[in-house]
Amino acid sequence: MAKAVKRAFKYRFYPSDQQAAELERTFGCVRYVYNRALRERTDAWYGEQRRISYVQSSAALTAWKQDEETAFLNEASSVPLQQALRHLQTAFANFFAQRARYPRFKSRKRSRASAEYTRSAFRWRNGELTLAKMDRPLAIVWSRALPDGAEPSTVTVSRDGADRWFVSILC
């Protein structure tokens, strides 16, 4: 049985003002969730020598969304927030396996602004990509076509320091 190889394709896109505002809000929520989960894991480890699992972090995210102070998390799609927790889980797994340093907090200025959407959080139809909580597809500049029959499984949206927007499509 042949193993399918996944390949990513990165494209530039130009969001509308409404899409840019939605993505900025999502980037901020992703960074907040990552940093808060990292703080809780750090406090639990240094305070009680207790590890917090992904499942416990995910349950905490649900509680944060219901809290009045952090109700703004409901404005962003839940999939990128869950992906941030998965990335943190991977960072801790690499740390405990001594493959990486202790995870760092994400900075608004130093870190790359990005959000990862899995299959349930975007729609791919006729070569147009529409993200969750958005009503119009992204205006992607197709520098090369995706391979025939390629179905995107993950989409990562990012913005660099020069305010250029990119979408990376994993097929």
With every protein chain present, what is the per residue accessible area of the chain (1.4 Å probe, Å²)?
61 Å²
Full-extension gain between THR90 and ARG112, please, as 0.36 nm times their residue separation minus the C-alpha to C-alpha distance.
6.1 nm
Max mean-square fluctuation residue, GNM over the chain, Cα-Cα springs under 10 Å, options ALA59, ALA113, ALA20:
ALA59
Let me check something: with ligands and nucleic acids excluded, how do GLU116, GLU128, GLU40 order by accessible area (1.4 Å probe), largest to smallest?
GLU128, GLU40, GLU116
Leaving out ligands, DNA and RNA but keeping every protein chain, what accessible area does LYS106 have, in Å² rounded to the nearest 10, with a 1.4 Å probe?
90 Å²
What is the spread of the Cα atoms of the stretch 24-171 along each of their three principal axes, largest first, in whole Å?
52, 38, 31
Over all Cα pairs of the stretch 1-76, how is the pair count split among 10 Å bins, expressed in % and running from 0 up to the last occupied bin?
15, 31, 25, 22, 7, 0
Once label points are set 7 Å from the Cα along Cα→Cβ at both SER16 and GLN98, what is their separation, rounded to one decimal in nm?
5.4 nm
Would you work out the relative contact order for the chain, in percent, from Cα pairs under 8 angstrom that are 6 or more residues apart?
33 percent
Could you sort the peptides 26-35, 44-53, 149-158 by per-residue average Cβ neighbour count (10 Å cutoff), highest mean leading?
26-35, 149-158, 44-53
FRET efficiency (ALA59, ARG144; Cβ distance; R0 30 Å; to 0.05) is 0.10
How large a share of the accessible area of the chain, in percent, is made up of carbon and sulfur atoms when the probe is 1.4 Å and the other protein chains stay in place?
49 percent
Using a Förster distance of 22 Å, how high is the FRET efficiency between SER168 and GLU128, based on the Cβ-Cβ distance and rounded to 0.05?
0.85
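The values are calculated or read from the model by the stated rules, or taken from the named source; none is laboratory data. Since this is a predicted model, take the numbers as computed values, not measurements. Neighbour counts are summed over all protein chains in view; Cβ atoms, including those assigned to glycine, are modelled from backbone coordinates with ideal geometry. All accessible areas refer to the heavy atoms of the entire protein, side chains included, with ligands and DNA or RNA removed. Shrake-Rupley method; radii C 1.70, N 1.55, O 1.52, S 1.80 Å.
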